[in-house]
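Asker: Okay, here's the structure, questions in a sec.
The values are calculated or read from the model by the stated rules, or taken from the named source; none is laboratory data. Worth saying up front: this structure is predicted, and the values here are computed from it rather than measured. Glycine gets a Cβ as well: all are built from the backbone with ideal geometry, and neighbour counts include every protein chain shown. The protein model used for the area step is the full one, side chains on, heavy atoms only, and it has no ligands, DNA or RNA in it. Shrake-Rupley method; radii C 1.70, N 1.55, O 1.52, S 1.80 Å.
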Amino acid sequence: MSEIQTKMKKAVAIAAVNEIKDDMVVGLGSGSTAALMIEELGRKIKNGSLKNILGVATSFQGEVMASELGIRLSTLSQISKIDIAIDGADEVDSSFNLIKGGGACHVQEKLVASLANKFIVVVDSTKIVNVLNQRFLLPIEVLPSAWKMVKTKLENLGAESFLRMAVNKAGPIVTDQGNLVLDAKFENGIEDPSYVEKEINNIPGVLENGLFVGKADDVLIGEVCDEEVRVKYLQKT
């Protein structure tokens, strides 16, 4: 990651944390931008500028990080609402549709986003696209025994897919839920995310896919203008 990209990510992370108020239940996203957000939240809790915050992590990685920073944590089974959720995305289109799941955490991320009163997406300018899935593959979490069948069904929908393999160990990536991930590519991208999301989730053996349709309330973009990093709100079309 370049230095300027890190600065963009940090800027939107800080802007998003400024939306958090005392006594809130906060969904803590996953990924590099969300990690910067968790760091900033931990800093504000430590210095006393935010009080009585309860976090709900979307990944084991986020849970460990939040615990180390002194953020109190709960779980989805112990709460009835989330006031605000903040998470990154791998791609965002102008209608606020997202692809998430580069870190294979999209099942928990979608659960948290769905329960949140407000879902804020934080990205740098490289994540904004006209059509989803032209650059970033669509992650699909599948039961281990079903991945071959799901792969065939995806071919019938017009998508080529690949079992995601681990980098520093032999074998496939295993999610926090103990499942596998297929990464799918539609030839011309995904022009109708709502239809594709439903069709994929109707395939037996699929737990969830990385399309987030109608979930995001605000999208904060870190960008560079005149050599200065700034944050802007994406306007929905």
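Asker: Cα-Cα over 30 Å: which of LYS100/LYS151; LYS44/LYS127; LYS81/LYS169; LYS118/LYS169?
Answerer: LYS81/LYS169; LYS118/LYS169
Asker: So what does the Cα-only Debye profile of region 93-166 read at q = 0.14, 0.18, 0.19 Å⁻¹, as log10 I(q)/I(0), no solvent term?
Answerer: The calculated log intensity ratios at q = 0.14, 0.18, 0.19 Å⁻¹ are -0.57, -0.91, -0.99.
Asker: Next question. Measuring with a 1.4 Å probe in the full set of protein chains, what accessible area per residue, in whole Å², belongs to region 136-177?
Answerer: 60 Å²
Asker: Moving on to the next point. With a 10 Å cut-off between alpha carbons and a GNM built on the chain, which of SER80, SER125, SER114 moves the most?
Answerer: Most flexible of the set in this elastic network: SER80.
Asker: Taking only the Cα atoms of the chain, how large is their convex hull per residue, in Å³? Show your work: numbers first, answer last.
Answerer: Working: hull volume 31.1 nm³, N = 237.
Dividing the Cα hull volume of the chain by its residue count gives 131 Å³.
Asker: From the Cα gyration tensor of region 167-211, with a ≥ b ≥ c the square roots of its eigenvalues, which class applies: rounded if a/c is under 1.5, or else prolate if a/b is larger than b/c, or else oblate?
Answerer: It comes out oblate by the Cα gyration axes.
Asker: What net charge do the residues around GLU39 carry, taking every other residue with its C-beta under 13 Å from that of GLU39, with Lys and Arg at +1 and Asp and Glu at -1?
Answerer: +3
Asker: Moving to a separate point now. Given an 8 Å cut-off on Cα distances and at least 6 residues of separation, report the relative contact order of the chain as a percent.
Answerer: So the answer I get is 22 percent.
Asker: Something else now. What does the net charge come to around VAL25 if you take all other residues with beta carbon closer than 9 Å to its beta carbon, with K and R at +1 and D and E at -1?
Answerer: Summing Lys/Arg as +1 and Asp/Glu as -1 gives -1.
Asker: What size of dipole, in debye to the nearest 20, comes out for the chain about its Cα centre when the only charges are +1 on Lys and Arg C-beta atoms and -1 on Asp and Glu C-beta atoms?
Answerer: Details: 26 positive and 32 negative charges, 102 e Å.
Rounded to the nearest 20 debye, it is 500 debye.
Asker: Just the number, please: carbon plus sulfur as a percent of the accessible area of the chain, 1.4 Å probe, no ligands or DNA/RNA counted. Working shown, then result.
Answerer: On the way: 5680 of 11370 Å².
The computed percentage sits at 50.
Asker: Which semi-axes, in whole Å and largest first, does the equivalent ellipsoid of region 1-134 have when worked out from the alpha carbon gyration tensor as the square roots of 5 times its eigenvalues?
Answerer: One finds semi-axes of 23, 17, 13 Å for region 1-134.
Asker: Okay, moving on. Measure nothing fancy, just the Cα-based angle from helix 147-156's long axis to the longest principal axis of the chain, in degrees from 0 to 90, nearest 10.
Answerer: Orientation of helix 147-156: about 80 degrees from the principal axis.
Asker: Under a point spin-label approximation (7 Å from Cα along Cα-to-Cβ), what is the GLU187-LEU69 distance to one decimal in nm?
Answerer: 4.4 nm
Asker: Residues with beta-carbon under 10 Å from that of VAL181, excluding VAL181: net charge, scoring Lys, Arg +1 and Asp, Glu -1?
Answerer: Residues near VAL181 contribute -1 overall.
Asker: Over region 64-185, what is the relative contact order in whole percent, taking alpha-carbon pairs under 8 Å and six or more residues apart?
Answerer: Averaging sequence separation for qualifying contacts and normalising by length gives 24 percent for region 64-185.
Asker: Which entries of LYS110/LYS236; LYS21/LYS110; LYS7/LYS148 show an alpha-carbon separation above 30 angstrom in the structure shown? Don't skip to the answer; put the middle values down first.
Answerer: Values: LYS110/LYS236 20 Å; LYS21/LYS110 23 Å; LYS7/LYS148 41 Å.
In this structure, LYS7/LYS148 exceed 30 Å between Cα atoms.
Asker: Under a Cβ-only charge scheme (Lys and Arg +1, Asp and Glu -1), can you give me the dipole magnitude of region 9-101 about the Cα centre, in debye to the nearest 20?
Answerer: Numbers: 10 positive and 12 negative charges, 68 e Å.
Dipole size: approximately 320 debye.
Asker: Compute, for region 64-181, the length of the dipole vector about the Cα centre, with Cβ point charges of +1 (Lys, Arg) and -1 (Asp, Glu) only. Units Debye, rounded to 20.
Answerer: Its charge dipole is roughly 240 debye.
Asker: To the nearest Å, what is the center-to-center distance of region 131-179 and region 24-58, using C-alpha atoms only?
Answerer: 30 Å
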